[in-house]
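Derivation of every value follows stated rules applied to the coordinates shown; laboratory data play no part. Only a predicted model underlies this, so the values are computations on that prediction, with no experimental measurement involved. Don't worry about glycine lacking a Cβ; one is built from the backbone with ideal geometry, like all the others, and counts go over all protein chains shown.
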Amino acid sequence: MNIGFVMYEWESISPSLDSTLRLIQESVSRGHKVSLIYPNEMAIRRTSVWANCRVVSSSSPNTEDNSDFYKSCSLEEEFIPMIDQDVVFFRDNPPLDTHVLNFMDTLENDIFFINSISGLRKANNKIYPATLAALHDNDDPDKRLIPLTTVSRNKKYLKQVIEAYDLNKFILKPMDGFGGSGVILMDKSSKTSKFNVNSLLEFYINQGGKNNYIILQEYIETELKGDIRVLMLNGKPIGSMRRVPAKDDHRSNVHAGGHCVEHDLDEKELMVCKLIGPQLVKDGLYLVGLDLMGGKLIEVNVCSPGGFVEINQNKEYKIQKSVLDFVEEKVK
Ligand SMILES: Nc1ncnc2c1ncn2[C@@H]1O[C@H](COP(=O)(O)OP(=O)(O)O)[C@@H](O)[C@H]1O
Ligand SMILES: [Mg+2]
């Protein structure tokens, strides 16, 4: 098969940690032709999309050492029509480049995209979990799939919501952030926190000279520290881990200093996966990373979900093998 990876620069890969590199090695070792496709090297000729690709070849595709694999690769430039790809992995970092999605729109029926272009468009924001949870809305607060959440860019309304909120701690975050950036824990019982609300809301709403949405969310306090990352393949969980925040931070993201430990999903977490799995598949979101806290869905990561290396650790089972088995079957 021809497999394309729309992704970040090869040179920026950290071989010991990178999930995309695991997918690339698995594809190369199975004999597929692998092309790296950089978003800024796509072009349209008449009505067809082309890409100036880097075709990967390796002198040791089966090595167990991922750094050795990385070093053994050579990249050759080749101008290839996108239609020649059988499968395209979308592995670019957020935020999504919407022009790239426009390039891909014409190809959605001819190439197997993982994830689908329409799905990426729909789910590439922090509102998507609410649309999933709405499918299973429940009167019992313990059974609700997402934390109490408000999305707005109206400062007055957001302040009213904060005032009316009956618990002290809450989370404030930007709609398009990632890697934990801008996720703030506030505490109404603290005067400093309270006095900062106006300034923070103004800052977030007006950032970049735009009129941005803000998310206000119930703060989920958990017994075990950290959030749970679940990798979902074709609507089912295939691996999970817990991300423990650094001692001086409330956020669990690895980018924010968090570290990963083993985790087996409990009943509540498995139930969330079971309830939302079918809708993920319906939306063409075949490979996603869920962030869960206290059995509630915090975020659905669709762009380039990572964590393969941490989840694979100490296991026979390899995430990248399951993903490749799945795409080979799908294309067949
Ligand atoms: N409602 C919440 N309650 C408790 N912690 C949260 C909440 N929302 C976010 N966090 C913490 O902040 C981290 C980053 O938030 P998230 O919504 O996943 O944004 P990002 O896209 O930046 O990863 C989470 O992994 C979690 O540790
Ligand atoms: Mg997250």
Student exercise, segment 148-218 dipole from Lys, Arg, Asp, Glu Cβ charges, in Debye to nearest 20:
200
Considering only the other residues whose Cβ falls under 12 Å of the Cβ of S35, what net charge follows from Lys and Arg at +1 and Asp and Glu at -1?
-4
In the neighborhood of P237, defined by Cβ-to-Cβ distances under 11 Å, what is the net charge if each Lys or Arg adds +1 and each Asp or Glu adds -1?
+1
Based on alpha-carbon atoms only, what is the radius of gyration of segment 99-205 relative to the globular estimate 2.2 N^0.38 Å?
1.38
What's the percent breakdown of Cα-Cα distances in segment 29-87 across 5 Å bins, shortest bin first?
4, 18, 24, 20, 14, 10, 6, 2, 1
In nm, what is the difference between 0.36 nm times the number of residues separating M175 and F195 and their Cα-Cα distance?
4.9 nm
Based on the mean of other Cβ atoms within 10 Å per residue, sort peptides 194-206, 4-16 so the most packed one is first.
4-16, 194-206
Taking H placed 1.01 Å from N in the peptide plane, check which residues at least 5 places from I214 or on another chain put their amide H under 5 Å from its amide H.
S152, R153
Rg over Rh [alpha-carbon atoms, Kirkwood Rh] for segment 2-115
0.96
Taking a ≥ b ≥ c as the square roots of the Cα gyration tensor eigenvalues, with a/c under 1.5 meaning rounded and otherwise prolate when a/b beats b/c or oblate if not, segment 1-49 comes out oblate
Protection proxy ranking of 266-277, 313-324 - average other beta-carbon atoms within 10 Å, highest first
266-277, 313-324
Cα gyration tensor shape for segment 183-230, rounded if a/c is under 1.5, else prolate or oblate
oblate
Under 17 Å from the 7 Å Cα→Cβ point of D249, by amide nitrogen: which residues of segment 202-226?
225-226
Please state the charge dipole magnitude for the chain, taken about the Cα centre, from unit charges on C-beta atoms (+1 on K and R, -1 on D and E), reported in debye and rounded to the nearest 20.
960
For G239, what residues show an amide H to amide H distance below 5 Å, using hydrogens built from the backbone and excluding near sequence neighbours?
L231
Checking the table K247/K318; K126/K188; K169/K318; K225/K315; K126/K247 against a 28 Å threshold on Cα-Cα, which pairs fail?
K247/K318; K169/K318
For the chain, calculate the relative contact order in percent as a whole number, restricting contacts to Cα pairs under 8 Å that are 6 or more residues apart.
18
Using a/c under 1.5 as the rounded threshold, could you call segment 255-332 rounded, prolate or oblate? The axes a ≥ b ≥ c are square roots of the C-alpha gyration tensor eigenvalues, and prolate needs a/b larger than b/c, oblate otherwise.
oblate
Over the chain, with a Gaussian network built from C-alpha contacts below 10 Å, which listed residue (S240, S74, S118) shows the highest mean-square fluctuation?
S74
From the backbone phi of segment 256-266, what are the Karplus-calculated ³J(HN,Hα) couplings (6.51 cos²θ - 1.76 cosθ + 1.60, θ = phi - 60°) in whole Hz, Gly and Pro given as x?
9, x, x, 10, 9, 10, 5, 8, 9, 4, 8
With +1 on each Lys and Arg Cβ and -1 on each Asp and Glu Cβ, and nothing else charged, work out how big the dipole of segment 223-301 is about its Cα centre, in Debye to the nearest 20.
140
At a 10 angstrom cut-off on C-beta neighbours, averaged per residue, how do the peptides 77-85, 207-215 rank from highest to lowest?
77-85, 207-215
Extended-chain gain in nm, criterion 0.36 nm per residue less alpha-carbon gap, S118 and T47
23.6 nm
Which residue, chosen from L167, Q207, G180, occupies the Cα position most advanced towards the positive end of the dipole of segment 148-218, where the dipole is computed from +1 (Lys, Arg) and -1 (Asp, Glu) charges on Cβ about the Cα centre?
Q207
Largest first and rounded to whole Å, the semi-axes √(5λ) derived from the alpha carbon gyration tensor of the chain read 36, 22, 19
Compactness of segment 214-304 - radius of gyration and Dmax, Cα, Å
13.0, 40
For segment 206-264, diffusion coefficient by Stokes-Einstein and Kirkwood Rh (Cα), 20 °C, 1.002 mPa s, µm²/s
157
Starting from the Cα of R153, step 7 Å along the direction of its Cβ; do the same at T63; then give the gap between the two resulting points in nm.
4.9
